[in-house]
1. Just check segment 149-197 against the gyration tensor rule for me: Cα atoms, a ≥ b ≥ c as the square roots of the eigenvalues, rounded for a/c under 1.5, and otherwise prolate or oblate depending on whether a/b exceeds b/c.
2. Between D367 and S116, take the C-beta separation as r, use R0 = 60 Å, and let me know the FRET efficiency to the nearest 0.05.
3. Put a dot 7 Å past each Cα toward the Cβ at S161 and N428; how far apart are the dots in nm?
4. May I ask you to compute the full-extension gain from E394 to A374, defined as 0.36 nm times their residue separation minus their alpha-carbon distance, rounded to one decimal in nm?
5. A 20 angstrom limit on the alpha carbon distance is what I want to check against. Which of K84/K462; K84/K447; K290/K447 exceed it?
6. Taking a ≥ b ≥ c as the square roots of the Cα gyration tensor eigenvalues, with a/c under 1.5 meaning rounded and otherwise prolate when a/b beats b/c, else oblate, which class fits segment 305-423?
7. Taking 8 Å as the Cα distance limit and 6 or more residues as the minimum spacing, I'd like the relative contact order of segment 289-421 as a percentage.
8. Which value, in debye to the nearest 20, gives the size of the charge dipole of segment 93-189 about its Cα centre, when Lys and Arg are +1 and Asp and Glu are -1 at the Cβ?
Amino acid sequence: MRLHRCEGCLAACGRQRRATPLNTIPRAIARTKLISKARVAPYTQKMSKENCAKTCEDAPPTPPDNDAPPMPWFGMDIGGTLTKLVYFEPRETNRRELDKETEVLKNIRRYLTRNSAYGKTGRRDVHLQMDNVTIRGRRGTLHFIRFPTSEVGAFLQLARSKGMADLVNTIYATGGGAYKFEEDFIKEVNMRLSKMDELDALIAGVLYVDCMNAQECYYWAPPDECAVHSHRYTTHASVPRLGGAPLIAGVLYVDCMNAQECYYWAPPDECAVHSHPPYSEAALSQYVRKPFDFSSPYPFLLVNIGSGVSVLVVNAPDDYYRVSGTSLGGGTFLGLCCLLTGCSSFEEAIALAASGDNTTVDKLVRDIYGGDYARFGLPGDLVASSFGQMCSAERRAKVSRADLARATVVTITNNIGSIARLCASNENIERVVFCGNFLRVNPLSMKLLSYAMSYWSRGALKALFLEHEGYFGAVGCLLHLDSNNHNHRRKQNPDGNADR
Ligand SMILES: Nc1ncnc2c1ncn2[C@@H]1O[C@H](COP(=O)(O)OP(=O)(O)OP(=O)(O)O)[C@@H](O)[C@H]1O
Ligand SMILES: CC(C)(CO)[C@@H](O)C(=O)NCCC(=O)O
């Protein structure tokens, strides 16, 4: 564990945003900033610094917190596709608790921690388990469990059959499903959902997990890491002035008056870039995963790729706003892949994509130009039009399921990368952190995002990834356990007195 992360949570080591005088900001950027400022109010949610500080303590367990809610401690994120459940298993159970621990509680702990599969679709991600974490002064283990949101009904039946409903009357939940299924929880198991905003929970979870796990944050280093990074120092190369018919009269006029008006940014070694087609497995397999020290994280862009995609600007633990989003996310990938290839699971779709070739599906720049469109820095291997070859019956007849799956991953990933890059440059942010379960078992997308961020920003942007991909919302929710709202279910005596 690293203490400086705790300071980060307190914003003590948080880097301040660069103070750029307004008159040095180009007009378009200034306008974007004004728009985003106008958006801040509805999107900005205050998070308690004390909470973050409390949970990030690296000190030995504090004396038992008498205000702490009774076990079991859960956080739940009921998303559009997957439900994530994080369960805290205390390491030391004190005498008082042992005496009080009911058979039901013991059974729940045994059931959750001894299995890695629950029914047909529930899974525990054992490789993500975090031992020796501290929550509310208690040491213990975090267990990470997921199941399809379409199975919430089955989960409620299970909760009932395991007697959980007799023990807990409030579950801390986030995600759209915390609203959508609220009545079902009450009707089926008489459990109340204490709801937390999904983006508040997401950020709290990211900061906490990163604080507890030194290996959490990483990036994919390209084979020629130094060369890629040197792009940022490249000066622009002039090319002859733009011909053709630009749409805006001003562009036409200025361009007409100035032969040097139009230029592009050439990478230092264009040939090197061309010899590594960015989408081929041969090029991507050379990327190496490396740890990244995220101890001074602010500001950063957080791109959560779930069913849909949310893009957040995070300036401090209690200062963020949602700057953008797109409906073309992980749900789109899976939906399109099922339609196009007949596959029936995310894992199958990703495995298919790994062995496919998107260049039989997409129209590349070289398919249009016969080579590079060098004037604007567009290499021949770049996708010019996603799925652009599929208007030909002849090509459709030849294409494989794997090729279609790969083209779908590449399409969705590049679009997200493009939005993320635009947001980062508009907001003047260098670090772009990608999370969400779309990245689960999906190194292809992570490497494509790494390539895209670095290439199109000439090394200025860094794509970062997090080990616990889609679980941060559930963790953030768990951190908000609050004894005022979270009581053991009490059996009512006939005389109306509560009895445990
Ligand atoms: N086992 C799986 N089953 C279904 N989808 C999976 C699975 N593993 C990874 N995914 C991918 O993860 C995406 C869901 O990610 P995540 O759990 O982060 O979002 P969500 O919370 O369900 O969605 P949202 O936040 O938009 O409500 C799916 O759309 C799919 O692309
Ligand atoms: C609606 C949410 C926030 C639910 O998690 C997510 O799926 C999302 O951000 N979708 C993209 C919506 C948009 O901005 O177009």
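1. Since a/c reaches 1.5 but b/c is at least a/b, the shape of segment 149-197 is classed as oblate.
2. After rounding, the FRET efficiency stands at 0.85.
3. 5.8
4. 4.2 nm
5. Cα-Cα > 20 Å for K84/K462; K84/K447; rest within.
6. Oblate.
7. Relative CO of segment 289-421 lands at 23 percent.
8. Computed about the Cα centre, the dipole is about 400 debye.
No lab work stands behind these numbers, since they all come straight from the coordinates. A quick note: this is a predicted structure, and the numbers were derived from the prediction, not measured. Heads up, the Cβs are rebuilt from the backbone with ideal geometry, glycines too, and the neighbour counts pull from every protein chain shown.
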